[in-house]
Amino acid sequence: GTVVATAEAMPQQAVPEVLTLEKAVELALSNHPSLRVASGTQAVNEARVGQAQSGFFPQLQARSAYQQATANNSTSFGGGPTIRNTRGDNFGTSQNSVTLNQLLYDFGKIKSQVDAAQFNLQAANSDADTTVQTVIVNVQQAYFGLQQAHRLVKVSEEAITQFKKHRDLAQGRFKAGVAPKIDVTTAEVDLSNAQLNLITARNNDHVARVTLNNAMGIKAPDGYRVEDPAPARHEQIALDEAVAVAMRLRPEMTSQQALEQAAEMTIKTAQSDFFPTVSSSAAYSYSGQESPFVYNWNVTGTVNIPIFSGFLTKQQVAEARANLLKTKANGEVLRQNILLEVNQALLNLEAAKERLQVTAVTVTQAKERLALVEGRYKAGLSNAIEVTDAEVALVNAQVNDVVAMSNYQAAKAQLDRATGISTSVKGGS
């Protein structure tokens, strides 16, 4: 089954001031239009099951008609002249009838049609689950992207504060006559570059917010913010284990199996046209020109035996068998793609984990270096270029750490998607 319940648009929910990942996923599952598309596909396939099942039931038809007509005629006797009656006399006739038809036996044709429709419905249900998982992972990635954008804005703001501090220090030393003018100019250039970086970071933040809104399928105000990422929890999972989980949980695999079964049922449907069908019918009529009308009834049993159809049935069976082979080949492609996705997701997660560990150390080292260089500069033992290098190194280290955290979160979410785990990951941990 799937969480998609209706193809009708649901009312949009309010976005809280602090949007959690779980709430973002909830909003997406309530509002994203792709889920309503999937729900509509489910409803279509469910109706097709009912259409196929209708062949099991009697078919009852009623007919009522009234005819007003003339009865002009012509006669000829013994080769003499033709006598025509064209007076235009007319009369009315009432015709009322009820007909009942029932298929008795068709060598399993209707049953195989019903089975095929039910398997297609199972595939549609699994496809809807796939859509749900896709929506969830898209929200996760967009949420992590907005987290990253928020944090990079903070890094840029902190960099401006740091560069202002360095400019003020350079100006003070220049006024005291212990530093050249170039130190002030260098500090001012660094500050301008940091302000440009802040403009870019804020624009990226706006773009990331729009991307998250799109992933949730809503129009949200600009006022909300997202949570800071939680500390990463590293979990070790073997490739064989991950692949086994994916083959068991991925809804695409369930859909594929249902499609293969539906293709097998289509072969049976086509083969049944080689065999006779047995049906019965009953009719009752009540007709005439004047009341009381005359009634009649009949009961008929029919055996339809196919003899030759221009090889139509043979070609239909061949088409159905070819379609089954193609469907099974698509299954092999799907298995290979899942294996590739799980492999890539595991490798990306491992690399992201290692980068995150390195960037955390790099930030600490960059802060220590900047503190040492600033101390040396205040004491006149260093120059402005060294301070700039240390400040830029710290900013780069902080940016790399933010990006590493976002990449780790995204890799973790992608592994969950690759293995078929549809639950959201709180804070990307």
Spin-label point model (7 Å from Cα, Cβ direction): what's the N101 to K219 distance in nm?
5.2
Using a Förster distance of 41 Å, how high is the FRET efficiency between F274 and E26, based on the Cβ-Cβ distance and rounded to 0.05?
0.15
Determine which lysines satisfy two conditions relative to K378: a Cα distance under 22 Å, and not lying fewer than 8 residues away in the same chain.
K164, K165, K175, K181, K367
Just going by the charge dipole of the chain, with Lys and Arg at +1 and Asp and Glu at -1 on Cβ, which of S382, G40, A215 is farthest out on the positive end?
G40
Chain lengthening between Q365 and A47 when straightened (0.36 nm per residue, less Cα-Cα)
108.0 nm
Mind checking which of A345, A238, A360 has the largest fluctuation in a GNM of the chain, springs on alpha carbons under 10 Å?
A238
Extension gain from L196 to L60, taking 0.36 nm per residue of separation minus the Cα-Cα distance:
41.1 nm
Which of R369, R250, R417 moves most in a GNM of the chain, Cα contacts under 10 Å?
R369
Expressed in nm to one decimal, what extension gain is obtained for the pair R248 and I307 from 0.36 nm per residue of sequence separation less their Cα-Cα distance?
16.5 nm
Which FRET efficiency, nearest 0.05, do D89 and N330 yield, Cβ-Cβ r, R0 51 Å?
0.10
Candidate residues S291, S255: accessible-area rank, largest first, probe 1.4 Å
S291, S255
To the nearest 20 Debye, how big is the dipole of the range 292-411 about its Cα centre, given +1 on the beta carbon of each Lys and Arg and -1 on that of each Asp and Glu?
620
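Using the Cα centre of the chain as the reference point, and only Cβ charges (+1 on K/R, -1 on D/E), how large is the resulting charge dipole? Debye, rounded to the nearest 20. Walk me through the intermediate numbers first.
Details: 38 positive and 40 negative charges, 104 e Å.
Around 500 debye, computed over the chain.
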Aspartates and glutamates within cross-link reach of K109: Cα-Cα under 14 Å, excluding same-chain residues under 8 positions apart?
E264, D273
What lysines sit close enough to K412 to cross-link, taking a C-alpha to C-alpha distance under 24 Å and skipping anything fewer than 8 places away on the same chain?
K23, K353, K426
If packing is taken as the mean number of other Cβ atoms within 10 Å per residue, what is the order of 39-49, 370-380, highest first?
39-49, 370-380
For the range 235-329, the dipole about the Cα centre with charges only on Cβ (Lys and Arg +1, Asp and Glu -1), to the nearest 20 debye, works out at 300
Going by Cα centres, the range 299-376 and the range 91-160 are how many Å apart?
18
How much FRET efficiency would the formula 1/(1 + (r/R0)^6) give for L347 and S382, where r is the Cβ-Cβ distance and R0 is 35 Å, rounded to 0.05?
0.25
Per the Kirkwood definition applied to all pairs of different Cα atoms, how many angstroms is the hydrodynamic radius of the chain?
29.1
Given the options A283, F56, Q256, identify the residue whose Cα lies farthest towards the positive end of the charge dipole of the chain (+1 on Cβ of Lys, Arg; -1 on Cβ of Asp, Glu).
A283
Farthest toward positive dipole pole in the chain [+1 Lys/Arg, -1 Asp/Glu at C-beta], among T266, G420, G310:
G310
Over the chain: helical MRE at 222 nm, DSSP H runs n ≥ 4 each giving -39500 (n - 2.57), nearest 500:
-23000 deg cm²/dmol
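The values are calculated or read from the model by the stated rules, or taken from the named source; none is laboratory data. Just so we're clear, the structure is a prediction, and the values are computed from it rather than from any experiment. Neighbour counts run over all protein chains shown; Cβ positions are idealised from the backbone, glycine included. The area values use the complete protein model at the heavy-atom level, side chains included, leaving out ligands, DNA and RNA. Shrake-Rupley method; radii C 1.70, N 1.55, O 1.52, S 1.80 Å.
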